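Data first, discussion second: the structure below is written as structure tokens.
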Amino acid sequence: MMGAMCCLVLALLLAGPRLGLVLLFLFTNAISRAFHHGMILPLLGFVFLPWTTLVYTWLMSGGHPIAGVYLVILIIAVVVDLGAHGGGARHRFQRGGSR
């Protein structure tokens with residue numbers, strides 16, 4: 001049963017990090033464990049850096065240190081998020097839209 005649940009969660013996370021964050025918020029307390037000081041940072045992360053927020057929530061709720069391989073995973077999430085924002089801006093600029 002647990003293997004099927006993991007596959008379902010993985011499929012949903014690949015569908016979109018924001019959906020994963022919403023499901024984590026609704027069905028677990030992982031976000032409140034990762035962000036002790038309120039909901040402003042998770043909300044900003046949901047809007048601007050969803051992959052980074054998801055990875056940080058995983059790291060903090062799992063008790064993993066932000067060092068070594070886990071730091072590399074977090075940096076990759078930041079690069080993916082920034083690449084998504086930068087790619088969208090570049091695409092609009094090439095189409096002749098305003099900055």
Quiz item: What is the fewest-to-most order of Ile40, Ile73 by other Cβ atoms lying within 10 Å of their Cβ?
Solution: Ile40, Ile73
Exercise. Enumerate the whole-percent occupancy of each 5 Å bin, from 0 to the last occupied one, for all C-alpha pair distances of the range 25-64.
Key: 6, 28, 36, 27, 4
Quiz item: Most exposed first by the Cβ proxy, i.e. fewest other Cβ within 10 Å, how do Thr28, Thr52, Thr57 rank?
Solution: Thr28, Thr52, Thr57
Quiz item: With a 10 Å Cβ neighbour count serving as the proxy for reagent exposure, in which order, fewest first, do Met60, Met39 appear?
Solution: Met39, Met60
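Readers should treat all values here as calculations from the given coordinates under stated rules, not as data from a laboratory. It should be emphasised that the depicted structure is a prediction, and the values quoted were computed from it without experimental measurement. Counting neighbours? That spans all protein chains shown, and the Cβs are built from the backbone with ideal geometry, glycine included.
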